[in-house]
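For reference, the structure discussed in these notes is given below.
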Amino acid sequence: MNMKFQDFICFLNDNKMINIHNLMKDDENGIINRLKLQKYVFLAQTSLQNNFGYEYNIYRNGPYSPELANYYYEELDLNGISSDINEKWKDDPVFTDRFLTLFKDKEAEWLEVAATLIDSTNYCENEEESLNKVYAIKSKFSRGYVDDIWNELKDKNLVHYESDSKSKSFLSIF
């Protein structure tokens, strides 16, 4: 089952992962809420195969969807959504439990780096290339911080390369 986008926004709001009332504010709270929404949608699509239909490009703060930005700037009816918040999202406990387990208590910076690392696996050939690319484009974060997030993502099977599993299976015969 795929969660519908409006239900996903309600799910994020109800779990205090974003605040829909701050989403359109022209201050730091608004910026952080929009950044988190961008990253949560990206992570739901890439890590949990819940496709909302948004395409992403790499941008200053990691993967970014102009179509998603257009949606929340031009089409999202915050009054309607806040008065119509329902719990339809609870109809998919496998998705919601996994999403909360993976991403519930993550800061905006963690989401930015994690989404960038996951995105890098689409165009880099191996772990070293991914890490070097992210070190360069996320130079405001220490290598240790990026490495820690990479290792956490690997431990949760959110990033991997075919060569990683081939070398492990090859070595396991010895």
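The values are calculated or read from the model by the stated rules, or taken from the named source; none is laboratory data. Predicted model, so just to flag it, every value in this text is computed and none were measured. With ideal geometry, Cβ positions are generated from the backbone for all residues, glycine too; neighbour counts draw on all protein chains shown.
Restricting to the range 1-51, give me the number of residues that are basic (Lys, Arg), closer than 21 Å to residue 119 by Cβ and touching a residue at least 60 places away in the same chain (Cβ under 8 Å). Let's see the steps before the verdict.
So the first thing to find is which residues in the range 1-51 are basic (Lys, Arg), and the list is 4, 16, 25, 34, 36, 39.
Those still in the list that are closer than 21 Å to residue 119 by Cβ too: 34, 36, 39.
Applying the additional criterion that residues be touching a residue at least 60 places away in the same chain (Cβ under 8 Å) yields 36, 39.
Here the count works out to 2.
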Task: Filter result (at pLDDT below 95, among the hydroxyl-bearing types (Ser, Thr, Tyr) and assigned to a loop (DSSP other than H, G, I, E, B)) within the range 140-174 - done: 161, 172
- [ ] Considering every residue within the range 110-121, establish whether at least one is under 18 Å from residue 35 (Cβ atoms), over 13 Å from the mean Cα position of the chain (by Cα) and not small (Gly, Ala, Ser).
- [x] no
